[in-house]
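Participant: Below is the structure I would like to discuss, written out as structure tokens.
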Amino acid sequence: MSRLILVLALLCLVVPSAHAEELTAEQRHAIVMAYLEGNPTGLRALLPSGRNADDWFPMILFEHWWRPPTVAEPPEPSTLPEQEIWPDSADRKASALTRRRIDWIAAPGPKAAYPMPQAGETDPWPVLTALVQDRLLREQGGLAAVRAADPLGKLAERFRQAQAAGTLSKHREHQLWWIDQARNDFSYGYDGDPLTPDQVASKEEGEAIARRNLILALISLLLLIAVPILIGRRAAASSDES
Amino acid sequence: MTTAGAHAGRLAIAGVSGFLVLSLEFAAVRLFAPAFGQSTYVWSTVIALVLAALAAGYAFGGRLGDRATSLRPLSLAHLGAALWTVIVLAGGPSLVAALVPAGLPEAGGLPMAFVAGLIATLVLFVPPAFLLGMTSPYLIRFDARAGHTGEAAGSIYAFGTVGSLIACYATPIILLQDLGTSGTFLLCAVLAAAMGGLGLLLSRPSPGGSGAEDRALSQPEGPVLRRWLVVALVVGLGVTVVEFAAVRFMAPWFGQSNHVWAHVIGVLMLALALGSWLGGRYADRPGSLGALWVVLNTSAFWIYIAAGLAPLLLEWLAPTTLTSVTVLGAARWGSLAATAILFGVPFLLLGMTTPFLVRKASENASVGKSAGAVLAWGTVGGIAGCLLTPTVLVPALGSRGTLLIAGAAIVAVAGWGIHRERKWGFDSGMVPAAGLLACVFAIWFFHGTPLRSHEGQITEIESRYQTVRVVERNDGLLLPTPRPAWGAPTGKIPVRFLRHDEDAETFQSSYLLVPTDRVVPTLSADTNAFVRQPLPAAPAGDPLTGGQYFEHMALGAHYVRYDEDKPIRVLIIGYAGGTVHSVLHRTKPRNTKLDVLGIEIDPAVIDVADEYLGHKALRAVYDDEKAGRLRLVTGEDARTVINALPEDDRFELILVDAYARTNYIPFQLATREFFDKLEAHLAPGGWIGVNVLGDGTKSPVAKSVAMTMTDAVGATYIVPNPSYPGNVLLWTSADVKHAPRVGSPGLAQLLMRRAAYATERVLVRYDPKAETDERVVVLTDDKAPSDKLADEELGI
């Protein structure tokens, strides 16, 4: 962990070297989608060199917190993924918010609240922020905490308001679908997908057969009990007569 | 007390005694399970020794009854049984704990818990069983009036059987679940003491009476003729063999849930009780012997018919069109109807034989001695039946062959009796010969015919524990799930499954049959769209199952802290066909090796998987066995093996995937004490994962196990499986202070992304303090109502 802190701290201390090109909306959307799909290969392929730390942040978050290495002994420094995370050609400029978040990732022990934008700051990755908050609540507080705070729900609500106002982009609509899916997956009181017609038919068939079997069982038991008793009583009567 | 009142009192004592014997037997197995497991060896040891003690008690009780003038000696025996049960309650757990076997079993050696179970049963349960066994013959002697011995035997035996019937429902389904093991022992002790008190009350002289009614019964003093004992032996054997085989015979349709077992045993006991009562009405008539042989032959004939034609009825009661869940309701009542129709009549007829035999035997010997001897020899037959049926007969002959053999034995003894009578005007020696010939023909005729056939079924075997079917389906697995990230195209992949008992759609092991056209939809990084492209080369079939729970369990290898220089040590409890092991190999972190200890109670499952699912070939490819990195312990209950593991045997990953009778987690593998033991074998940075199939995150079983894991180990996380509704995995770690996190390396497989998604997006920490379901409790070795919760969840 100490080596991770060192690496991440180095990333933050580097002086900006060049002006980086802004990511396009298409690129940002693709990055968010790759993150949502848990696709590190796609995520890496979508992050071109020459971007600043704010743009590289999804990759850093993914590799060092979302899916941290689990090898007990870290690899030798020469094989560290520094170059993968931070190519030589990359602009290493990081905003204050991104720096705080990198510090948060690097901090050992239980995680405090995820750093949020302060006055005058803009969150470059609001969907990822909601995902991180949601995951933290799931892991630390449980279902009740997620339901109470519901960061993904609040984000979805914002998207829906924009949708109603006609200002939601197609990209955001895709992301909204994903957010709703994640919220549906069993943890917000979702009971699973509704039964298909085949499943409904099978359930009804099972119930009908169970009812029929119950009636048959009762008749069978009645006969099994009544016939010997009748025979036994008749035997006793004939015995008394004789 | 009036004569009628005393008679009613004696019947009540017989009933309570029958209840106590069976309750103590169930509670004994429950007490032993955390130490010795619940393998067939443990069950057989307990049942056989208890039956042997009962047989000795019958013989002794009969002789004691002949000499006694009141119920006082029997009452003292019952008070002794009560006292011993209190001793079991107080000292039993300590004795059992002291007998826990150490060290893993050696090949070819005795089963691990065999000797320990033997000693514990001898010390703890043989004495009360012996004392309670005295009851029936003693009471028969006291109830018998001149010329009505058979009637007395029938009544007493019938009430004793009704008591056992109540116990077979009440003890496993209610008492052990709600009162726990110690509570059940306490109740048994109280009932035994109350029974002793009632006996003492009945022993008091009543005003105007002697207190020893009908003591003037004249009794012959000769020995009990051997022929009646042989018949009792064969009938006892037949009853037990048919009882065990009937459950297994119907299991492919109804499964082996608690309710199915209770229905089968309950109906059989009801029929035996009615038969005893009815037999008592006829036994005292002159010329009843001919009726006895007719009764035996008719019962055997009915068993033959049931063995041959039953599948038609069973298929109608639980058709293959039903799913694994919807079949349960049909199975619950279907098993009751089927048992009554198929086996009610033969058991009624077999039940009639006891009073006949007591009556006949008492023509030459005293009543008590005769009753004791007949019951004892019948019980000896029962011991042979309970030892042979699950371990030898069913695995060797199948349940249908076992039923036929039981019928043949009954025909043989009936034919022998007819032959001895020599009064029916034909060569009666041909009767047993014809019966045996019919049996041989029937076994030959049905040989190799499966009990039940499913679409695509390749084979079916009956093991000691269950019916296992290999089924191949072209649409066996849908790849991938219909979710946009993975799912625009849907591929149907041919798959082989292992299915068990009534399983219609779920399975324990699977094997994708994709040798040449191994293509699945894969996300293209360039276009962010789905394309079809080949999977990476995989040896002899791909073990990935398309997002079923196997991948979710195998993902644990990405949670654990591991050292690249050492193999990741994995303990798999419930190895089954080895699917989890194969998936682990396919998906483990890059540059790692595995060192696996697998535990599987049913060796036949591994054999079938090796032969039909290619798992042996997969294991050979992965070279585990050659490198000594796979240890398989089969035929043993996992709890016994865990108890015996050396202290320094540690694992980074412990996976618990153990189910019994299709739908139940064995309680001894879900308790606080069990997880304490697992924690002791967890390496630093290791994780314990438990698979629970039920009602998803709402499942009281899953939440009870989660609460237990939290109590025993620490924070527990529930990971629902979005593509397999109802299934959840529970994860906990002793020293990792955060939720499980998927490590990056080696998780390239598309199909594993679904498992990772579940961990990262739908995992929740279980919070016991926020639990509102009152049924959810910490499970302990003493009280673990997991079966009851499972039944409620399944709606049965």
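Participant: Among the listed residues B:Gly61, B:Gly37, which satisfies the condition of being closer than 25 Å to B:Trp377 by Cβ, surrounded by 23 or more Cβ atoms within 10 Å (Cβ to Cβ) and outside the structural domain of B:Thr780 (by TED's automatic domain parsing)?
Facilitator: Only one candidate passes the filter, namely B:Gly61.
Participant: May I ask you to list the residues in region B:293-327 that are more than 19 Å from B:Leu451 (Cα to Cα) and either in a helix (DSSP H, G or I) or more than 24 Å from the chain's Cα centre (by Cα) (or both)?
Facilitator: B:Trp293, B:Val294, B:Val295, B:Leu296, B:Asn297, B:Thr298, B:Ser299, B:Ala300, B:Phe301, B:Thr326
Participant: Take B:Glu106 and tell me if it is among the acidic types (Asp, Glu) and surrounded by fewer than 18 Cβ atoms within 10 Å (Cβ to Cβ).
Facilitator: Yes.
Participant: Select from region B:190-204 the residues that are of a type in the set (A, V, I, L, M, F, W, C) and surrounded by 22 or more Cβ atoms within 10 Å (Cβ to Cβ) and write down the one among them that is nearest to B:Lys783 (Cα to Cα).
Facilitator: B:Ala192
Participant: What are the pairs with Cβ atoms under 8 angstrom where one residue, in region B:270-297, is more than 25 Å from B:Val162 (Cα to Cα) and the other, located anywhere, is not in a helix (DSSP H, G or I)? Sequence gap at least six, or different chains.
Facilitator: Close Cβ pairs satisfying both conditions: B:Gly290/B:Lys423; B:Gly290/B:Trp424.
Participant: Of the numbered conditions (1) in a helix (DSSP H, G or I); (2) of a type outside the set (D, E, K, R); (3) modelled with pLDDT of 85 or more, B:His259 satisfies every one except a single condition; which is it?
Facilitator: Evaluating B:His259 over (1) in a helix (DSSP H, G or I); (2) of a type outside the set (D, E, K, R); (3) modelled with pLDDT of 85 or more leaves (3) as the failure.
Participant: Further, regarding this structure: Does A:Ile31 satisfy the condition of being modelled with pLDDT of 75 or more, part of a helix (DSSP H, G or I) and over 21 Å from B:Ala739 (Cβ atoms)?
Facilitator: Here the answer is yes, as A:Ile31 does meet what is asked.
Participant: Next question. Among the residues of region B:610-636, write down those that are modelled with pLDDT under 85 and either among the polar types (S, T, N, Q) or assigned to a helix (DSSP H, G or I) (or both).
Facilitator: Listed by number, the residues that qualify are B:Asp610, B:Glu611, B:Tyr612, B:His615, B:Lys616, B:Ala617, B:Leu618, B:Arg619, B:Ala620, B:Val621, B:Tyr622.
Participant: Shifting gears a bit: Using the structure shown, decide if B:Gly372 is over 26 Å from the mean Cα position of the chain (by Cα), surrounded by fewer than 24 Cβ atoms within 10 Å (Cβ to Cβ) and either within 14 Å of another protein chain (Cβ to nearest Cβ) or in a helix (DSSP H, G or I) (or both). Steps first, answer last, please.
Facilitator: Numbers: over 26 Å from the mean Cα position of the chain (by Cα): yes; surrounded by fewer than 24 Cβ atoms within 10 Å (Cβ to Cβ): no; either within 14 Å of another protein chain (Cβ to nearest Cβ) or in a helix (DSSP H, G or I) (or both): yes.
Answer is no for this residue.
Participant: Identify, please: which residue in region A:81-128 is touching an Asp or Glu at 6+ places or on another chain (Cβ under 8 Å) and within 14 Å of chain B (Cβ to nearest Cβ) and is, among those, modelled with the lowest pLDDT?
Facilitator: A:Pro81
Participant: Please count how many residues of region B:733-757 are modelled with pLDDT of 85 or more and either facing chain A (nearest Cβ under 8 Å) or farther than 23 Å from B:Asp563 by Cα (or both).
Facilitator: 4
Participant: Still on this model: From the list B:Ala8, B:Ala55, B:Ala33, exactly one residue is in contact with a helix residue (DSSP H, G or I) (Cβ under 8 Å, 6 or more places away or on another chain), in a helix (DSSP H, G or I) and either under 25 Å from B:Asp143 (Cβ atoms) or not hydrophobic (A, V, I, L, M, F, W, C) (or both). Which is it?
Facilitator: B:Ala55
Participant: Restricting attention to region B:563-596, which residues are outside any strand (DSSP E or B) and acidic (Asp, Glu)?
Facilitator: B:Asp563, B:Glu564, B:Asp565
Participant: Which helices (runs of 4 or more DSSP H) sit wholly inside region B:637-716 and have at least 2 residues that are within 22 Å of B:Asn727 (Cβ to Cβ)?
Facilitator: B:672-680, B:700-712
Participant: Only one of A:Ala145, A:Ala113 is in the same structural domain as A:His29 (by TED's automatic domain parsing), free of Cβ contacts under 8 Å to residues at least 40 places away in the same chain and in a helix (DSSP H, G or I); which?
Facilitator: Just one listed residue meets the conditions, A:Ala145.
Participant: Mind counting the residues in region B:345-369 that are surrounded by fewer than 24 Cβ atoms within 10 Å (Cβ to Cβ) and facing another protein chain (nearest Cβ under 8 Å)?
Facilitator: So the count comes out to 1.
Participant: Something else: Identify all residues within region B:266-293 that are more than 14 Å from chain A (Cβ to nearest Cβ) and surrounded by fewer than 22 Cβ atoms within 10 Å (Cβ to Cβ); write none if there are none.
Facilitator: B:Leu289, B:Gly290
Participant: Give me the pairs, please: first residue somewhere in region B:310-335 and facing another protein chain (nearest Cβ under 7 Å), second residue anywhere and buried (at least 24 other Cβ atoms within 10 Å of the Cβ) and not in a helix (DSSP H, G or I), beta-carbon distance under 7 Å, and either six or more positions apart or on two chains.
Facilitator: Close Cβ pairs (under 7 Å, with a partner that is buried (at least 24 other Cβ atoms within 10 Å of the Cβ) and not in a helix (DSSP H, G or I)) amount to B:Val327/B:Ala318; B:Val327/B:Glu502; B:Ala330/B:Ala318; B:Gly334/B:Ala318.
Participant: Just checking, does region B:241-253 include any residue being more than 28 Å from B:Ala144 (Cα to Cα), away from chain A (no Cβ under 14 Å), assigned to a helix (DSSP H, G or I) and in contact with a Gly (Cβ under 6 Å, 6 or more places away or on another chain)?
Facilitator: Yes: one or more hits.
The values are calculated or read from the model by the stated rules, or taken from the named source; none is laboratory data. Here the structure is a predicted model, which means the values were calculated and not measured. Cβ atoms come from the backbone with ideal geometry, glycine included; neighbour counts cover every protein chain shown.
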